[in-house]
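Input: a single structure, listed below in structure tokens.
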């Protein structure tokens, strides 16, 4: 009997207890993107937070050209943590960072300020997703976040679709926050991330920024970006264009499968060779070349691809950046080696790169 009375009292008192610290969805604002630009004052930064404005229940589906589907908050401070607290004070709703999918560093900020503390902050906070995309915005992060393309119905959805959720392009390198953090904390490695630009009121992503010591050191052209993505693939299909002496029109190859194998060889004289073996399998997609000589075509494709790949590796060698993590492969053949910043100056700059390309053009299109 006493047990039943105690149980009833517990149930009665439990009714008066407050709920957990959870706010209804209509009292939250969802942060979908975050940008960081250089501040007006020295050692200051502008943190731009983009929040989505959801379509009202029962309202019209789709967007309105004259109506924004987002809200921007700009806070200038010297601390990313302080910026998010100030943003919380400005907002009338509780910020929810669970939908934050992209972080954009402005061009000037990436060139002048190390991004290490910013990336470290996003890794430490448990409510921020480490799978968000890391990018650089030209000319600034705010310009990128302000743009709302005519076809966009959900805030920043046009950007999200470009990073694997929609289109898959040979020019887009996809890098997540945790990958950037890994490369930043490893001595001698050079993080890289895609560059977002605005062309004709639309987003254009066809370049890559390479970092060294936490700052953006070099920018790859669209052609170099395409070669970069062949060596460090996120997708396996590419398009190669080649000029031909017997062809007034360029010959286009649809590369259906690309594989790259990078191996380091330490010679007896302590010199180091880096063998880059690339295999390409594809078909002729565009040509007015009448001769049906696939052997000749794939040999010329091998020469073209080899020259472009060698040029890219030599450019990295001269600039002393290591976005392909060659140092990790060196450690694999020399376990006594320790990762160091001197890698780029003392060892990487002396590596001899040997590129081998094996191309197989097994189709000439559906016409033949």
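The values are calculated or read from the model by the stated rules, or taken from the named source; none is laboratory data. It should be emphasised that the depicted structure is a prediction, and the values quoted were computed from it without experimental measurement. Cβ placement follows ideal geometry from the backbone for every residue including glycine, while neighbour counts extend to all protein chains displayed.
When each of 83, 89 is tested for being modelled with pLDDT of 85 or more and more than 26 Å from residue 135 (Cβ to Cβ), the lone residue that passes is 89. Residue check: is residue 190 out of contact with any helix residue (DSSP H, G or I) (no Cβ under 6 Å at 6 or more places or on another chain), within 25 Å of residue 255 (Cα to Cα) and either surrounded by fewer than 21 Cβ atoms within 10 Å (Cβ to Cβ) or not assigned by TED's automatic domain parsing to the domain that holds residue 338 (or both)? For residue 190, the condition - out of contact with any helix residue (DSSP H, G or I) (no Cβ under 6 Å at 6 or more places or on another chain), within 25 Å of residue 255 (Cα to Cα) and either surrounded by fewer than 21 Cβ atoms within 10 Å (Cβ to Cβ) or not assigned by TED's automatic domain parsing to the domain that holds residue 338 (or both) - is not met.
Every listed requirement among (1) without any contact (Cβ under 8 Å) to a residue 24 or more places away in the chain; (2) in a helix (DSSP H, G or I) is met by residue 336 save one, (2). When the range 314-332 is filtered for residues that are buried (at least 20 other Cβ atoms within 10 Å of the Cβ) and in a helix (DSSP H, G or I), the ones remaining, listed by number, are 316, 326, 327, 330. In the condition set (1) touching a helix residue (DSSP H, G or I) at 6+ places or on another chain (Cβ under 6 Å); (2) part of a loop (DSSP other than H, G, I, E, B), residue 206 is compliant with all but (2). When 168, 162, 153 are screened for being more than 27 Å from residue 39 (Cα to Cα) and either under 11 Å from the mean Cα position of the chain (by Cα) or in a strand (DSSP E or B) (or both), only 162 passes. Residue check: residue 152 meets all listed conditions (1) modelled with pLDDT under 90; (2) surrounded by fewer than 18 Cβ atoms within 10 Å (Cβ to Cβ) but one, namely (2). Go through the range 222-274 and count every residue that is assigned to a loop (DSSP other than H, G, I, E, B) and either surrounded by 13 or more Cβ atoms within 10 Å (Cβ to Cβ) or in contact with a strand residue (DSSP E or B) (Cβ under 6 Å, 6 or more places away or on another chain) (or both). So the count comes out to 6. Counting only residues that are outside any strand (DSSP E or B) and at pLDDT 95 or above, the range 210-221 holds 1 of them. Does residue 131 fit the bill of being at pLDDT below 95 and surrounded by 14 or more Cβ atoms within 10 Å (Cβ to Cβ)? Here the answer is no, as residue 131 does not meet what is asked.
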